[in-house]
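J.: One structure, pasted below without further comment.
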Amino acid sequence: QVQLVESGGGLVKPGESLRLSCAASVNIFSLLTVGWYRQAPGKQRELVAERNRTGSPYYADSVRGRFAISRDAAENTVPLQMNNLKPEDTAVYSCSALTVGGRYWGQGIQVTISS
């Protein structure tokens with residue numbers, strides 16, 4: 001079992017920044033992949049950013065250049081830095097991890113961008 005807990009969501013204005021964090025109950029570097037998904041009302045869930053054990057991180061076209069995913073070894077967390085936020089970034093953001101035992105999800109956290 002892997003437990004994932006998101007934090008850092010909230011309400012900000014367009015152009016502002018937010019930093020989400022995903023705390024894992026296992027060593028984040030042991031995960032096959034770890035990433036952030038989002039789901040807006042009436043839309044399908046989409047992968048926003050993801051890291052695997054090797055290689056470059058993946059970003060959705062809609063966030064590339066504005067979002068950055070990283071892995072904090074000291075805190076054992078997976079931050080998602082979100083800059084220049086737009087109203088269309090409004091969604092519930094969820095952390096997800098893939099292990100040899102299956103995929104695990106956090107409970108999700110609301111991010112709202114509105115003036």
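The values are calculated or read from the model by the stated rules, or taken from the named source; none is laboratory data. The structure presented is a predicted model; accordingly, all values stated were derived computationally and were not measured. Counting neighbours? That spans all protein chains shown, and the Cβs are built from the backbone with ideal geometry, glycine included.
J.: Here are some residues: 50, 16, 46. Which one is in contact (Cβ under 8 Å) with a residue 40 or more places away in the chain and charged (D, E, K, R)? Full working, then the answer.
T.: Values: 50 fails: in contact (Cβ under 8 Å) with a residue 40 or more places away in the chain; 46 fails: in contact (Cβ under 8 Å) with a residue 40 or more places away in the chain.
Residue meeting the stated conditions: 16.
J.: Only residues that are of a type in the set (S, T, N, Q), surrounded by 12 or more Cβ atoms within 10 Å (Cβ to Cβ) and outside any strand (DSSP E or B): list them for region 1-16, please. Spell out the reasoning first.
T.: Just the residues of region 1-16 that are of a type in the set (S, T, N, Q), to begin with: 1, 3, 7.
Filter again for surrounded by 12 or more Cβ atoms within 10 Å (Cβ to Cβ), leaving 3, 7.
Residue satisfying the conditions is 3 alone.
J.: Return yes when residue 62 is at pLDDT below 95 and surrounded by fewer than 18 Cβ atoms within 10 Å (Cβ to Cβ) and no when it is not. Quick ask: steps written out before the conclusion?
T.: Numbers: at pLDDT below 95: no; surrounded by fewer than 18 Cβ atoms within 10 Å (Cβ to Cβ): yes.
Criteria not met by residue 62.
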